[in-house]
Amino acid sequence: MESDKTLRDLGWSQILEAWSGHCATERGSAAVLAIGCAANAEEASERAKEVSEARILENRAAPMSFGGIVDIRESVVRAQKGSRLESDQLIAIGDCARGYDKLRESLEQQSEVLPLLWKRAEEIGEFQELVGRLFRTFEPDGRIADSASPALATLRRKVLRIQQQLEAKAKSLLEDSKIGQELQDKYWTQREERYVLPVKASSRSKVPGIVHGSSGSGQTIFVEPHALVELNNELKLAEFETLEEEERILAALTVLVGAQADSLQQSGALVVHLDRIGGAAKLATHLFAREPVFAEGRSIVLRNARHPLMLLSGKECIANDILIEDGKILIVSGPNAGGKTVTLKTTGLVILMARYGLHVVVGEESSIPWFNEVCSAIGDSQSLESELSTFSAHIVLLREFLTGADDKSLVLVDEICSATEPEQGGALAQAILESLSRKQVTALVTTHYEGLKALATEDDRFANASVGFDLERLAPTFHLHLGVPGASAAIDVARRMKLPEAVSLRAQELSGGGRTKLDELLRVVSDERTRLSDERAALSEERAATAMEYERITSERAREEENARKAHVRDYDDAITALRSARKELDVAKKGIRRRKVVDASSLSQHKSEIDRLSKSVTKHAPKRETPAGVAPTEQELSLGTKVYVSSLGGKGVVINAPRKGIVEVQVGLIKTRVQLADLRIVAGQKSGKGTGTNSDKKSGARSYQLTRKEPETSESESAHRSTDSTLDLRGQRAESAIDQVESFIDSGLLSSQETIFIIHGHGTGVLRQVVRTHLQGHPLVSKWRRGESGEGGDGVTVAWLRHS
C-alpha cells in the first residue's frame, strides 16, 4: 500500500478528483475519493475490463444513465426502523428506485456485449411495484393525490364543502348592514387557520365573537363572529381527519419501503460501483487511454507513455517509451528541467492507475507488471517538526526503502543523495542502489552523478537513460533516450539564463578539464541522436505524405471508374428503354398489317432487322456483374450450410443439399434452386466444407450444356433461377399476341439484368410451344434455351438464357 507521501509526490489526488468529476452521482463521486487499489492483478484486470465495456456505451453516445438516483440510505434506514417518512423522502426513494430499474433494464438489453456490467446490474433489485405505488400516490407537485385512498378523497371533498360554506357565510356577514358598518374593510381573512373579519378597534363590542389578534397599528382587530365558530370548528375537525388519513398513507408507504430496505441498500451499492466504472470510462475517453495489459514477471514496458496530469491540464505532452527490464534499475540523467521527474511520475502514475483498474495512457504493445506497492522519494522532504534537513529526510526515506522494499516493489527516487557533498553523495547513492538491486527491487532513479552514469556500463543490473533539453530554446524536450546517459550541461544552461559570462567561464575553469570533456562528449552524442531522430521524423512525415497522396490518387481513380461505370449503366438502360419503345412501335405496325391497314411490310422488315442489330450492339456492351474473385469449388469443398455466392443470381445463398454430379441445390433468400458448381464461389471468411482449400487445377464435375439454335431440344438440363419477375404466362394467348409479349418480356429481362426467363405456354396442341421455341431459336438476344424440367413444368415451359454480352 502506498504511503501518503508517495500519493502526494505523484499527484494521485488529482487523478481521483478528475475521476470523481466524471461520476454522475454524489455517492459515486465520494466513493471514488475513498476507493482503494485492487488486491491483485486479476481484480485490477476485471475492473479495467468493466471500464472497457462502459466505453462501448460511451462510443455509442449512450452512456449508463443515472437519472433520478440520489443518496437515500438515511431515509431507507429510518423506514427499516419504523419511523414514518415524509412525502419528499418517499418521492426521492421512488425516483431513485425507478432509476435503478431503468439502469438495470438498459444493461440487460445489452448483456451480450456487456457481460461484466450486466453481471453487476443483474443483482440490482426490481422495484416496479414499489415505484408504481409511490407514483400513484403523489401528484407531480409532491402533494398526496386524492386517489391515494377512497377515504382521503371523501375527506378532502368534505373540507372543500365546509370551506365553501364558511366563505358564503363570511360573505353574507360582510353584506349585513349592521356588521358591515363596523368593519375596517369589506373582506374576510384567516388568523390561526380560522375565518375572521377585520373589525374596527372602536367597534369591538358591537361584533361579538372571539378575537384572534390585531393589526400592527392597533386600528383593526380580527374577530371570529359567533356565526362562524361552529363552521370553523367543523373545518378544523375535517382537516385533522384528512391529516390523519394522509399520515396513515405515508406510514403504509413507509412500511413498503422498509420491507425492501435491504434490496434498496444493496442496489444502491451496486449502482455506486457502476457509477465509478462509468466515471472511469469517461476519464479514459478524455485521456485517450487504453485497457492495461498485466504481464508476468517484473519488466515494465510502456510504449508511448504520457503524463496523465499534463494531459488533464491541457499541456503539451511528449510520448516516451519507458522500458525497465525485470528487476533492473534504470538511471535517468540529463540537464535540469529536461523531463527526468516527469519520467518518474509518468511511470508511477501508470502503475498506480493500472493497480486501481483504470485505463492507462500508453500505446499498443505495452505491458505492466503487478507491484504490491510504489515507493517514492520525490521533492523536498524537509521536516522542521522532526528537525530533519532536506538531506536527512531524504536518507530516512531511502532507509525505509532498504528495509521495506522487495521484489514486488517499485521504487522511484528523484535526484538520489543529491543534497550533500557530491563525491560522498555519489558513493552513498551507488551503495544504496546496489543494496536495492541485491533485493531484486525494480527502481527508477534520476541523478547528475557521473559515477552512477558509468555504473550501467559496468554492471548489467543497471541501465542508462537520458532526457533532452533544447539549449537554444531553453525548453525541455521531454524526450527519453534509452541506453545512453545524458550531460547535465549546467554551465550551458546558466549561460542561456543570462548568468554573467565571466562567472560562467570561471565555473568552466573550476569544473576541471576531464569532466568538461565528458560533458562535451555526452552532449555531442546527444546532438547526434537528436539529429538522427529529426531525420527519422522527417522521413516518417515524407512517407506519410506519400501514402496520403497515393491514397488520394487511388481514391480519385476509383471515383472516376465508379462514375464511368454508373454512366455506362445509365447509357445501357437508356438504350434498352429506347429498344423497348422501338419494339412497341414495331408491334403497332404489325397489328396494322393484321387489320389490313395500308403499311409497307418490307419497311417493317427493315425496321425489325435494324432493331435486332441495335439490340446485339447494346447487349454486347451491357455492364458486367461483379462477382467474387476465385475459382469454382469442388464437391468436396461444399457441405450442408456452406455459404456461397451464386454468380447467375448475383446474390449470396447457402447449400441445402449435398452436391451430386456437379449440380448443387442452394437457397438464395426465399428461392430454392439448383445450379452448377461453376456458378458458385465460396463466400470469404468461412472454412470450406470437406476440403482444405480451393483446387484451381481441377475442373468442375458438372457438364456444360450449350443449347444452340441447331439443337432445339436436349435430354440434359441446366439449372436456372425462377421467380415471378422472370416468368411469363402465355397460356390462352394467340400465337401473334404471344410473340409480341415474348419480345417485350425479353426487353424487360435485359433491363432488369435477368439471366434467364421462363415462358409458360402449356402443352395443348403444341402450336404455341412450337411458335415460341422457333422465335427464340432465331432471336439475337437469346443465347440458348431448353424445355422445362419435371419440377419446372416439363414440356409446357421453355427456359431461355438472355444474351448480356
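Read-outs throughout are calculated quantities, based only on the coordinates presented, and are distinct from any laboratory measurement. The model shown is predicted, which means the values in this text are computed figures rather than measured ones. As a convention, Cβ positions derive from the backbone with ideal geometry for all residues, glycine included, and neighbour counts pool all protein chains shown.
Table for the structure above
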quantity	calculated
Per principal axis, descending, Cα span of region 294-366 in whole Å	33, 28, 19
Burial order of peptide ranges 545-551, 636-642 (average beta-carbon count within 10 Å, highest first)	636-642, 545-551
Ser215-Glu126 pseudo-label distance in nm [points 7 Å out on the Cα-to-Cβ vector]	6.6
Cα-based Rg of region 400-448 normalised by 2.2 N^0.38 Å, two decimals	1.11
In region 312-354, the trypsin sites (Lys or Arg not before Pro) that fall in loop regions by DSSP, at most 15 other Cβ within 10 Å	Lys315
Loop trypsin sites (Lys or Arg not before Pro), region 1-99 (other Cβ atoms within 10 Å of the site Cβ: 14 or fewer; DSSP)	Arg60
Theoretical gain in end-to-end length, Arg438 to Arg559 [0.36 nm per residue, Cα-Cα removed]	37.0 nm
Largest to smallest principal axis extent of the C-alpha atoms in region 218-339, angstrom	99, 48, 22
Segments 198-209, 451-462 sorted - mean Cβ within 10 Å per residue, highest first	451-462, 198-209
Two-decimal Rg/Rh across region 89-191, once Rg and the Kirkwood Rh are taken from alpha-carbon atoms	1.41
√(5λ) per eigenvalue of the Cα gyration tensor, region 1-127, largest first, Å	29, 22, 14
Region 62-131: proportion of alpha-carbon pairs further apart than 21 angstrom, %	31
More than 14 angstrom apart: percent of Cα pairs within region 168-212	44
Residues of type aspartates and glutamates that Lys171 reaches as a straight line, Cα spacing below 17 Å, ignoring anything fewer than 8 places off in the same chain	Glu182, Asp185, Glu224, Glu230
Cα-Cα over 25 Å, subset of Lys566/Lys652; Lys5/Lys119; Lys282/Lys340; Lys282/Lys345	Lys5/Lys119; Lys282/Lys340
Extent along principal axes [Cα atoms of region 114-271; Å; largest to smallest]	82, 34, 21
Selected from Gly209, Asn232, Ala261, residue furthest toward positive end of dipole (region 199-317; charges at beta carbon)	Ala261
Ordering of 438-446, 174-182 by burial proxy (mean other Cβ atoms within 10 Å per residue, highest first)	438-446, 174-182
Separation of the Lys49 and Val767 label points, Cα + 7 Å toward Cβ, nm	7.9
Ser299 versus Asp141: modelled label distance in nm, points set 7 Å from Cα along the beta carbon direction	7.2
Cα-based Rg of region 284-442 normalised by 2.2 N^0.38 Å, two decimals	1.08
